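Take a look at the structure below.
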There are 2 protein chains.
Amino acid sequence: MDSDQGITIRYVREGDFNALWPILRGVIKAGDTYTIEPGLTREAVREMWMQTPRATYVAEIAGEVLGTYYIKTNQPGGGAHVCNAGFMVSEAARGQGLARAMCLHAQTQARAMGYLAMQFNFVVETNTGAIRLWEDLGFETVGRLPRAFRHPVEGLVDARIMYKWLGD
Amino acid sequence: MDSDQGITIRYVREGDFNALWPILRGVIKAGDTYTIEPGLTREAVREMWMQTPRATYVAEIAGEVLGTYYIKTNQPGGGAHVCNAGFMVSEAARGQGLARAMCLHAQTQARAMGYLAMQFNFVVETNTGAIRLWEDLGFETVGRLPRAFRHPVEGLVDARIMYKWLGD
């Protein structure tokens with residue numbers, strides 16, 4: 001759908017999960033950025049990433065799936081105009097602009113779906129690369145959760161809530 | 001379990017849902033405090049309130065169920081030491097200390113379950129009674145989500161994230 005620096009972003013297809021699984025498993029196993037239960041089965045991870053969200057996408061370079069993201073409604077009812085998104089990039093493909101391209105793409109998609117804001121519920125304080133990138137893309141830190149994340153190396157660290165208004 | 005000003009708090013029992021349903025339905029229908037889809041069926045509400053959480057409780061005065069709350073893990077994996085709780089009081093029973101008694105009870109229960117903190121993810125800014133009560137009970141506003149709630153009367157209003165450390 002989009003193409004920038006050779007990055008193509010498109011909707012996920014069922015057959016993509018073989019390529020996605022090592023990326024997701026790597027991020028989950030590292031356990032230092034996402035609050036995902038480390039013992040989840042392959043099938044549970046597939047469902048969480050590809051079925052539960054409103055939409056899931058993959059990012060490719062030269063036909064190889066190297067990143068993925070989802071968009072979902074963050075709260076039902078009176079909060080349903082705010083979406084949440086989650087992004088993962090293959091460890092081998094870091095630093096090539098995939099996360100940036102996906103986050104820009106996500107904002108366009110979210111606006112097209114009618115969302116008025118995007119919220120990241122849990123950005124671990126030690127994930128400084130992500131924080132810098134989200135800030136650079138206009139997200140603001142609107143909250144800090146003291147010692148809300150148990151980092152596998154650092155112990156209890158803070159998590160941020162980051163937010164960007166997408167409406168006019 | 002606890003008794004204060006004639007308030008008794010105990011674990012919910014399956015048969016309590018007949019008494020709980022009007023309380024839950026009233027709060028959901030008002031739509032001004034909780035982000036719950038207003039069209040949920042009775043069965044979906046029962047599941048959301050009584051099955052999904054880790055534990056659900058009711059508060060009684062003179063044997064009548066007038067309030068209820070749940071405790072659940074707020075984030076899996078590295079965030080699993082922080083719980084979330086939600087409280088509802090029958091409209092006819094407001095101002096009798098039920099919410100306060102339940103929140104004190106919830107903190108004791110949460111500590112006993114091993115949680116180190118309690119987080120309220122979405123306290124609507126116009127819900128000033130709740131905000132005052134949570135502040136009085138030691139919760140701090142650690143985040144503000146701009147225009148994250150569509151209030152049925154006020155339109156888009158902010159929501160707060162409130163947090164209390166329960167560990168030593």
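The values are calculated or read from the model by the stated rules, or taken from the named source; none is laboratory data. Just so you know, these numbers come straight off a predicted model, no measurement behind them. Cβ coordinates were reconstructed from backbone atoms using ideal geometry, including for glycine residues, and neighbour counts include every protein chain displayed. The area values use the complete protein model at the heavy-atom level, side chains included, leaving out ligands, DNA and RNA. Shrake-Rupley method; radii C 1.70, N 1.55, O 1.52, S 1.80 Å.
Checking the conditions here, which among B:114, B:97, B:77 is more than 25 Å from residue A:74 (Cα to Cα), of a type outside the set (A, V, I, L, M) and within 13 Å of chain A (Cβ to nearest Cβ)? If you could, list the steps in order and put the result at the bottom.
Working: B:97 fails: within 13 Å of chain A (Cβ to nearest Cβ); B:77 fails: more than 25 Å from residue A:74 (Cα to Cα).
None of the others qualify; the one that does is B:114.
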| request: Considering each residue of the stretch B:1-51, count those that are more than 14 Å from the chain's Cα centre (by Cα), under 30 Å from residue B:157 (Cα atoms) and hydroxyl-bearing (Ser, Thr, Tyr), and give that number. | output: 1
| message | Take the residues in the stretch B:41-53 that are over 26 Å from residue B:129 (Cβ atoms) and of a type outside the set (Ser, Thr, Tyr); name whichever of them is nearest to the other protein chains (Cβ to nearest Cβ). | response | B:44
| Odd one out for residue B:85 among (1) among the aliphatic types (A, V, I, L, M); (2) surrounded by fewer than 17 Cβ atoms within 10 Å (Cβ to Cβ); (3) touching a strand residue (DSSP E or B) at 6+ places or on another chain (Cβ under 6 Å) | (2)
| task | Would you check if there is a residue in the stretch B:69-87 being touching an Asp or Glu at 6+ places or on another chain (Cβ under 6 Å) and over 21 Å from residue B:161 (Cβ atoms)? | result | no
| said: Condition first: open to solvent by 30 Å² or more (accessible area, probe 1.4 Å), in a loop (DSSP other than H, G, I, E, B) and at pLDDT 95 or above. Can you find one or more residues in the stretch A:128-145 that meet it? | reply: yes
| field | One residue from B:46, B:54 being open to solvent by less than 60 Å² (accessible area, probe 1.4 Å) and either within 27 Å of residue B:160 (Cα to Cα) or among the polar types (S, T, N, Q) (or both) | value | B:46
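Results for (1) of a type in the set (Ser, Thr, Tyr); (2) in contact with a Leu (Cβ under 7 Å, 6 or more places away or on another chain), shown as yes or no for each residue.
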{"site": "B:77", "(1), (2)": "no, no"}
{"site": "B:87", "(1), (2)": "no, no"}
{"site": "B:113", "(1), (2)": "no, no"}
{"site": "B:119", "(1), (2)": "no, yes"}
{"site": "B:141", "(1), (2)": "yes, no"}
| Assuming residue B:5 fulfils every condition listed in (1) surrounded by fewer than 20 Cβ atoms within 10 Å (Cβ to Cβ); (2) among the polar types (S, T, N, Q); (3) at negative phi apart from one, which condition is it? | (3)
| request: Search the stretch A:42-56 for residues that are more than 14 Å from residue A:28 (Cβ to Cβ) and pair each with any residue that is exposed (fewer than 12 other Cβ atoms within 10 Å of the Cβ) when their beta-carbon atoms are under 7 Å apart and the residues are at least 6 apart or on different chains. | output: A:55/A:11
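One residue is enough: does the stretch B:152-159 have a residue meeting the conditions in contact with a strand residue (DSSP E or B) (Cβ under 6 Å, 6 or more places away or on another chain) and open to solvent by 50 Å² or more (accessible area, probe 1.4 Å)? Break it down into steps so the answer makes sense when it comes.
Narrowing the stretch B:152-159 to residues in contact with a strand residue (DSSP E or B) (Cβ under 6 Å, 6 or more places away or on another chain): B:156-159.
So of that shortlist, the ones also open to solvent by 50 Å² or more (accessible area, probe 1.4 Å) come out as B:156, B:158.
So far as the stretch B:152-159 goes, yes, one or more of its residues are in contact with a strand residue (DSSP E or B) (Cβ under 6 Å, 6 or more places away or on another chain) and open to solvent by 50 Å² or more (accessible area, probe 1.4 Å).
Checking the conditions here, which among A:22, A:38 is under 29 Å from residue A:161 (Cβ atoms) and either of a type outside the set (D, E, K, R) or within 14 Å of chain B (Cβ to nearest Cβ) (or both)? Don't jump to the end; show me each part of the working.
Working: A:22 fails: under 29 Å from residue A:161 (Cβ atoms).
It is A:38.
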| query | Given A:97, A:114, A:77, A:86, which one is farther than 30 Å from residue B:31 by Cα and small (Gly, Ala, Ser)? | reply | A:97
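Please work out if residue B:150 is within 11 Å of chain A (Cβ to nearest Cβ) and among the charged types (D, E, K, R). Explain how you work it out, then say what you get.
Details: within 11 Å of chain A (Cβ to nearest Cβ): yes; among the charged types (D, E, K, R): yes.
Spelling it out, residue B:150 is indeed within 11 Å of chain A (Cβ to nearest Cβ) and among the charged types (D, E, K, R).
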| request: Quick one: count up the residues across the stretch A:15-35 that are small (Gly, Ala, Ser), over 18 Å from residue A:64 (Cβ atoms) and part of a helix (DSSP H, G or I). | output: 1
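Could you list, in sequence order, the residues of the stretch B:110-126 that are touching a residue at least 60 places away in the same chain (Cβ under 8 Å) and crowded, with 20+ Cβ neighbours inside 10 Å? Steps first, please.
Of the residues in the stretch B:110-126, the ones touching a residue at least 60 places away in the same chain (Cβ under 8 Å) are B:122, B:124, B:126.
Across the stretch B:110-126, the qualifying residues are B:122, B:124.
Would the stretch A:155-167 turn up any residue that is in a helix (DSSP H, G or I) and under 16 Å from residue B:121 (Cβ atoms)? Give the steps one after another, and end with the answer.
Quick first cut of the stretch A:155-167, residues in a helix (DSSP H, G or I) only: none.
No, every residue in the stretch A:155-167 fails to be in a helix (DSSP H, G or I) and under 16 Å from residue B:121 (Cβ atoms).
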